[in-house]
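A.B. asks: Take this structure, written in structure tokens, and hold onto it; I'll ask about it next.
Readers should treat all values here as calculations from the given coordinates under stated rules, not as data from a laboratory. Keep in mind the model is a prediction, meaning the values are calculated, not measured. We place every Cβ from the backbone using ideal geometry, glycine too, and count neighbours over all the protein chains shown.
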Amino acid sequence: MEHVEGTTERRKMLEIEKEETEELRQKYKENAEKERAIAEALKDLKDNFYCELCDKQYYKHQEFDNHINSYDHAHKQECFEKTKVKVYFGPPGM
């Protein structure tokens with residue numbers, strides 16, 4: 001029973017109960033910067049698995065690879081290349 005009473009007497013302070021000191025402000029600032037850096041790195045990583053032609057985002061390399069090798073992607077790419085050639089050379093019969 002003594003152990004239980006000792007535990008409740010020394011509870012951890014809540015974030016809102018702590019006095020805001022310069023040290024705490026610096027700690028919060030560093031944590032925010034780390035989180036921002038992680039979010040930016042994740043964004044860069046996600047951009048690596050984005051198919052601009054099909055406007056599709058993938059989060060795993062295998063999913064992206066499957067998409068690149070799919071019929072739908074190949075068909076869109078073929079259509080895109082045909083339209084690009086038409087724009088470059090003009091419509092047939094010119």
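A.B. asks: Apply the Karplus curve 6.51 cos²θ - 1.76 cosθ + 1.60, θ = phi - 60°, to the phi angles in segment 19-26 and return the couplings in whole Hz, x for Gly and Pro.
C.D. replies: Along segment 19-26, the couplings run 6, 7, 10, 4, 4, 5, 4, 5 Hz.
A.B. asks: Let me make sure I get this right: for segment 18-89, a, b and c are the square roots of the gyration tensor eigenvalues over alpha carbons, sorted descending. Under 1.5 in a/c it's rounded, otherwise prolate if a/b > b/c, else oblate. Which is it?
C.D. replies: Cα axes put segment 18-89 in the prolate bin.
A.B. asks: Starting with the highest mean, order 51-60, 38-47 by the number of other Cβ atoms within 10 Å, averaged over the residues of each peptide.
C.D. replies: 51-60, 38-47
A.B. asks: Could you work out how far apart the two model spin labels at Y71 and Q26 are, taking each label as a point 7 Å from the Cα in the direction of the beta carbon, and quote it in nm?
C.D. replies: The modelled label-to-label distance comes out at 6.3 nm.
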